[in-house]
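Please treat every number below as a calculation from the coordinates, not as lab data. Here the structure is a predicted model, which means the values were calculated and not measured. Virtual Cβ from ideal backbone geometry, glycine too; neighbours counted across all protein chains shown.
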Amino acid sequence: MMNRPKVVHISEPAIDGVKTHYINFLLNSNVQQFDYSLIYSNARVAPDFFLDLEKCRARGIDCQLLYIHPNISLKKDLTSFYDILSLFRKMRPDIVHAHSSKAGFLARFAAAYAGAKAIIYTPNAFPFQIDRNIASKKLFLFLEKLAARVTDKIICVSHSERELALKLGLTNPRKIEVIYNGVDHKKFESDYEERIRIRSDLGIGLNDFVVVTVARMSYQKCPHHFVRVASEVLSMRSDIRFLYVGDGEYRSDLQELARNLNVDHKISFLGYRNDVRDILVASDLFLSTSRYEGLPIAALEAMAAGLPIIATDVTGNKDIVVNGKTGYLAKFGDIQQMAEKIILLSSSRETRKKMGNNAKQVVIEKFSINAMVKKIEQLYLALLSQKGYLSIETAKEIGREPQLV
């Protein structure tokens with residue numbers, strides 16, 4: 001039997017949805033048939049990331065630190081490029097799978113120079129989606145188009161993300177594959193007794209109505225709108241609590257805004273937490289105020305916990321929220337509409353329960369981790385087979401018959 005194909009994942013951020021995506025994949029991947037490695041940077045790290053690394057290493061996945069500066073700096077980026085290239089030449093990967101914009105750009109060119117057999121990129125939201133000035137957006141789009149030339153497949157985690165890429169002429173449509181993010185829905189199963197216990201542990205009353213979000217406090221997530229929606233809701237009803245799980249550069253601004261709007265006693269800023277699952281299980285509704293998404297894992301986890309979703313009608317969100325069935329979509333920036341939908345759902349337990357059950361079923365049917373892993377590993381084998389490095393017979397021997405792409 002041939003050696004296992006060597007697959008190297010590389011990412012600059014070790015935080016939020018990007019981190020969750022590749023960690024979920026690695027912890028559920030077929031390590032008997034693929035030789036996986038992870039190259040990570042410690043520039044932006046979630047508190048639980050090093051625990052994730054230990055879990056990866058326990059599965060035999062080699063994890064190596066390589067610092068990648070998160071911001072644009074020609075000198076530092078060139079240094080990172082040569083460091084990545086040197087590491088690739090030592091590791092000699094068959095496949096390089098790059099995540100996020102910075103590592104995605106540098107690693108794809110380094111992989112091409114190092115002679116990787118296949119190069120894959122998962123952006124988890126493209127950098128040109130950020131609402132910068134026109135010149136910056138054009139620059140990021142140009143860089144993405146340039147890197148796409150040395151890329152075999154770009155994995156978009158939602159159809160709306162793919163549609164955006166094609167609309168902007170990023171690359172040949174055949175180079176873009178849609179593979180949804182996946183979550184472990186079984187992890188979020190709970191019963192009434194557990195919900196009571198968790199609420200008690202968190203200091204939440206049994207009859208409190210709780211609106212939660214799990215998001216980095218960043219420009220993309222637009223957390224100021226979360227506070228303003230809370231203020232609008234509380235002007236109509238005072239018996240609703242809001243939980244913000246996450247941290248970031250806007251934390252002090254958000255706390256000040258909550259004080260100025262006189263809602264700081266109703267909004268709990270919880271920071272980064274290791275018990276997100278419990279917080280979701282104890283909540284009643286999930287709110288997303290994002291400007292854009294790839295495919296929001298936090299919202300998928302909330303759906304797996306049986307929560308209806310109220311979200312902005314933007315890339316990524318609109319792929320998972322079925323308006324009127326699993327929750328409601330609102331135009332970005334429409335504070336009033338979001339507040340009205342929260343009031344509506346807080347007033348109808350029956351509607352809330354029906355939407356939550358629908359949301360859970362959608363996750364089970366469309367967004368499972370096993371489906372995500374299987375499709376990505378099939379893509380690996382298909383690319384190696386199409387390039388002549390792997391026969392169909394050998395692919396079957398490895399354990400996954402490649403699907404033509």
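Here are a few things to note about the model shown:
- The protection proxy used here, the mean number of other Cβ atoms lying within 10 Å of each residue, ranks peptides 291-297, 66-72 as follows, highest first: 291-297, 66-72.
- Ordering F88, T289, I310 by the projection of their Cα atoms onto the charge dipole of the chain, which places +1 on the Cβ of Lys and Arg and -1 on the Cβ of Asp and Glu, puts F88 at the extreme positive end.
- Size of the range 153-285: Rg and Dmax of its alpha carbons, in Å, are 18.6, 54.
- Alpha-carbon centroids, the range 148-220 and the range 222-270: separation in whole Å: 22
- Degrees, to the nearest 10: 101-114 long Cα axis against longest axis of the chain: 10
- Remark: the chain is approximated by an ellipsoid whose semi-axes, taken from the C-alpha gyration tensor as √(5λ), come to 38, 23, 20 Å, largest first.
- Calculated P(r) of the range 186-366 - Cα pairs past 25 Å, %: 24
- Here the chain is assigned +1 on the Cβ of each Lys and Arg and -1 on the Cβ of each Asp and Glu. Its dipole about the Cα centre then comes out at about 1020 debye.
- Principal-axis tilt of helix 349-366 within the chain, Cα atoms, nearest 10 degrees: 0
- Against the chain, whose longest principal axis is taken from its Cα atoms, helix 223-234 shows a tilt of about 20°.
- Here, the range 27-81 is characterised by an Rg to Rh ratio of 1.07, where Rg is the alpha-carbon radius of gyration and Rh the Kirkwood radius.
- Extent along principal axes [Cα atoms of the range 210-292; Å; largest to smallest]: 30, 27, 22
- Local net charge near A43, Cβ-Cβ under 10 Å (Lys/Arg +1, Asp/Glu -1): +1
- CD proxy at 222 nm, helix term only [per DSSP H run n ≥ 4: -39500 (n - 2.57); per residue of the chain; nearest 500]: -14000 deg cm²/dmol
- Members of K186/K353; K137/K366; K175/K375; K102/K375; K186/K387 lying beyond 27 Å, as alpha-carbon distances in this model show: K137/K366; K186/K387
- Residue order for L51, L280, L87, L307, fewest other beta carbons within 10 angstrom first, comes to L51, L87, L280, L307.
- Among beta bridges from DSSP that stay inside the range 186-366, the antiparallel ones total about 5%.
- Sequence-ordered 3J(HN,Hα) estimates for the range 273-289 from the Karplus curve with 6.51, -1.76 and 1.60 and θ = phi - 60° stand at 10, 9, 10, 4, 4, 5, 5, 5, 4, 7, 9, 10, 7, 10, 10, 10, 10 Hz, glycine and proline given as x.
- Across all directions, the average flat footprint of the convex hull enclosing the Cα atoms of the range 261-405 is 11.5 nm².
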